[in-house]
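*Asks:* Below are the structure tokens for one structure; questions will follow.
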Amino acid sequence: MSGTVILFLVLYYVVVLGIGYWALRRGAGKDLEGYLLGGRQVGPITTALTMQSTAMSGYMFLGAGGLGFAQGYWALWYAAGDIGGGLLNLSVIGRRMRKLSQMMGALTAIEYLEKRYPSPAIRLVAGTLTIFLLGFYVLAQLIAGGKGMALVTGISYPLALAIAVGIILIYTFMGGYLAVAYTDFFQSLVMLVGVMWIMIAALSELGGFTAANVAIGELDPTLLSVWGRGLGFEGQWGVVAGALLIFSVGYMGWPHVVTRHMAMSSPATARRAGFWATIWSLFFVPAPYLVGIFAILILPGLDDPEMAIFQVAEQLLPAAVTGLVMAAIMAAIMSTADSLLLQTGSIASRDIYERFINPRASERQMVMVSRGLVLAVALVGYAIALVEPPTVFSIVIFATSVLGSAFLPAYVCAVWWKKANTPGALASMIVGASVAFIWQYAGLVETTQMHPMLTGVMSSTITMIVVSLATQKISPVPRHVLDAMNVSAAVGPIPARYLDATEFGLANEAAAIANGLEEGGQNG
Amino acid sequence: MVKEKLLTVIREQVDSATALQNIAGMTGGVSVVVERSVLYPYIRFTASCSVPTMIGRKAISVDCLVDGINGLGATADPFSTERTVICDEVRLQSKITNEAAQRIAQRTVTHQLGRQFRMIAPFDVQLEAAGTIYKRFWIIRIGGGRIMTDSVTGNMHTLSATAA
Amino acid sequence: MFGLPLETTLLVFGFPLFWVLYLIGFLVVSRGWDKDTTKEDDAS
């Protein structure tokens, strides 16, 4: 990479660190959000942009681009589901989950599951599964970060990987200032411009969308088909179905997605954020796949397909822009890795250690446990990334399949089906995860032509239904859970505009007040 | 004879007339009337801590309120209170003990700050108990249903109509 | 169109179109979110 690229890359970090430093040095009160009294609403565009910046990670820049390069237009089956994934989840469970989590007082997505399906086993299974699979996702980010850094700086992959891991660990253990909203916003903006620029540069290099497709068709017409290179996936609707499901419903298993529902303030805000997020997705989800496809023409000699987008940027953008965009991408990857590690650490310390091993754990002990696990994940991740790095694509697809299969019925039925009980949820999580896992590793995808996501989700859903119904008598859904699910009882002739303005955060107070008034309250 | 009581109530930003106006504006022709107000208990703590970040420690001081009925904790924006005599309002009794509230507040502040600063680092949180305070909610009747309005933020929520 | 076979064109443009329609539908339907919940709870 040229000196200019590196210069602008460093410049980017200086600016970001500067913003962070300034933001942190400002008055203390400004940084913190109040919940009971605050009701502070971030504008919907900012929310949507910040939401999407967490979606921009190693998968987008390496996995998606790599798949496009390797398989041509087949890759868009994955984009097809992804475009609407956020909206789908929001529309199906968002608002209900927000209400229920508020009523049950759950702080995390895993705690939410335990409160809805009361049983320590739920927390243990959900927590363990999530840690294990988040670890995979971290691995994907480490590989992306290491490869990206090696490409940009020209240093060897093992060293670049070590530096990337080191930076991520420092960031996670010491945190602080890159975590400010302003830096996220700035980062999203840079990446937005960067991705658009790369896309436009690629198209103009190739003479336009049609010309590019014609040229690809001349190279190998199967790349233009929906069945992949050499028509490898022809007729495999089971795999196609899985590809569609992965990023539409597969996200249900990801804590950071589910947690977003829990943080929703009102239907009106959620609707607006969902609207902007979908508009964003329409343009930016297909982009990396398409750039990967165009890279077939631009970088015919590319040996690592997953480097397609980086190399296209290096080739087509002015050096300064490349520097900035690469920096933003690296920052996004590290930020994603940091978020994942934080969640992993938090689940390990609260959902496993404090819950099962040491209920009287002090905050310091929990920090130690968190850090211990994060270190372990980072080191194991480093080892795997070094010795036998799988593709970012394969890791993310695998992890999302297993998590999605495990948790989809649990989260959806939590709010939609009053008969979904603890045995049902527990069984569905175990069965879903196992089926998806085994399908992948026993190589059943090739023989059955069915995607692990598809078989995983089908089996977990069936299990939830069958086991819940079979065990209704011996393990009914507890009264207090049903009450929490029933919270919005008849409200009379309240117009829709008012209902839009309902502040979810007040649900507990409302219920307590309604009860209190019924009981006669306490006068004076 | 109704007993009078001196309580600490969070200073309101939205009075009953404004609350009524907001709701009347949304409901078109349906009749709206302020039925009463309810005081909701929170146990208040002031938390101070020194959060370690990459560029040195940052001193944070934040209020934490523990919901007196169900024990949910949350950090809060700065607010002011006033000592008021109340006699004709419904007041809900706090059900959470101070010890339990203290633990909850500790947990809430640590969790919140850890997430806010996106780091895993140990830091001590010093909690100072500041008693029980109340927030006023305006209960407004609309036709056959009731809505409550938060007197501080103006946010609203329906009340189930079982007691209607 | 665009030099792509029909199926591919459907994939590239069809799904985005589907999601746009879904979005519109969602915005319309979610105007009465709470009302739907009320009916669902009463019915169950």
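*Asks:* Over 16 Å from B:S151 (Cα atoms), more than 7 Å from chain A (Cβ to nearest Cβ) and at pLDDT 85 or above: does that describe B:C64?
*Replies:* yes
*Asks:* Can you tell me which of (1) within 11 Å of chain A (Cβ to nearest Cβ); (2) more than 16 Å from B:I133 (Cα to Cα) is the one B:L7 doesn't meet?
*Replies:* (2)
*Asks:* I'd like to know if region A:135-143 contains one or more residues that are over 16 Å from the mean Cα position of the chain (by Cα), over 30 Å from A:L231 (Cα atoms) and assigned to a helix (DSSP H, G or I).
*Replies:* no
*Asks:* Considering only region B:106-120, how many residues are under 16 Å from A:T336 (Cα atoms) and either touching a residue at least 60 places away in the same chain (Cβ under 8 Å) or crowded, with 23+ Cβ neighbours inside 10 Å (or both)?
*Replies:* 3
*Asks:* Of all residues in region A:220-234, how many are within 12 Å of chain C (Cβ to nearest Cβ) and either farther than 14 Å from A:G292 by Cα or surrounded by fewer than 20 Cβ atoms within 10 Å (Cβ to Cβ) (or both)?
*Replies:* Of the residues in that region, 7 qualify.
*Asks:* Right, something else. Kindly state which helices (runs of 4 or more DSSP H) lie completely within region A:261-346 and contain at least 1 residues that are of a type in the set (F, W, Y).
*Replies:* Fully inside region A:261-346 and qualifying: A:267-284, A:286-298, A:308-316.
*Asks:* Filter region B:121-135 down to the residues that are facing chain A (nearest Cβ under 10 Å), in contact with a helix residue (DSSP H, G or I) (Cβ under 7 Å, 6 or more places away or on another chain) and surrounded by fewer than 21 Cβ atoms within 10 Å (Cβ to Cβ) and list them by number.
*Replies:* Selection gives B:A121, B:P122.
*Asks:* Still on this structure, I have one more. Which of the residues spanning region A:199-214 are within 13 Å of chain C (Cβ to nearest Cβ) and without any contact (Cβ under 8 Å) to a residue 12 or more places away in the chain?
*Replies:* A:G207, A:G208, A:F209, A:T210, A:A211, A:N213, A:V214
*Asks:* Here's a follow-up. When the residues of region B:140-157 are filtered to those that are farther than 15 Å from A:A514 by Cβ and of a type in the set (S, T, Y), which remaining residue is surrounded by the most Cβ atoms within 10 Å (Cβ to Cβ)?
*Replies:* Per the stated criteria, the residue is B:S151.
*Asks:* Could you tell me which of the residues A:A361, A:A337 is more than 10 Å from chain B (Cβ to nearest Cβ), crowded, with 22+ Cβ neighbours inside 10 Å and within 18 Å of B:A121 (Cβ to Cβ)?
*Replies:* A:A337
*Asks:* Tell me which residues, restricted to region B:78-104, are at the interface with another protein chain (Cβ under 10 Å from one of its Cβ atoms), outside any loop (DSSP other than H, G, I, E, B) and basic (K, R).
*Replies:* B:R91
*Asks:* Is there a residue being over 23 Å from A:W227 (Cα atoms), acidic (D, E) and out of contact with any helix residue (DSSP H, G or I) (no Cβ under 7 Å at 6 or more places or on another chain) anywhere in region A:470-490?
*Replies:* yes
*Asks:* Residues being assigned to a strand (DSSP E or B), under 18 Å from A:E509 (Cβ atoms) and at the interface with chain A (Cβ under 8 Å from one of its Cβ atoms): count how many of those fall in region B:10-53.
*Replies:* 4
*Asks:* With the structure loaded, tell me whether A:G217 is surrounded by fewer than 18 Cβ atoms within 10 Å (Cβ to Cβ), in contact with a helix residue (DSSP H, G or I) (Cβ under 8 Å, 6 or more places away or on another chain) and free of Cβ contacts under 8 Å to residues at least 12 places away in the same chain or whether it fails that test.
*Replies:* It is true that A:G217 is surrounded by fewer than 18 Cβ atoms within 10 Å (Cβ to Cβ), in contact with a helix residue (DSSP H, G or I) (Cβ under 8 Å, 6 or more places away or on another chain) and free of Cβ contacts under 8 Å to residues at least 12 places away in the same chain.
*Asks:* Now for a different question. Given (1) in a helix (DSSP H, G or I); (2) over 18 Å from A:V239 (Cα atoms), identify the lone condition not met by A:W439.
*Replies:* (2)
*Asks:* Say we look at region A:225-256 and pick out the residues that are within 11 Å of the chain's Cα centre (by Cα) and assigned to a helix (DSSP H, G or I); which of these is modelled with the lowest pLDDT?
*Replies:* Within region A:225-256, the match that is modelled with the lowest pLDDT is A:H256.
The values are calculated or read from the model by the stated rules, or taken from the named source; none is laboratory data. Note that the structure is a prediction, hence the values are computed from the model and not measured. Don't worry about glycine lacking a Cβ; one is built from the backbone with ideal geometry, like all the others, and counts go over all protein chains shown.
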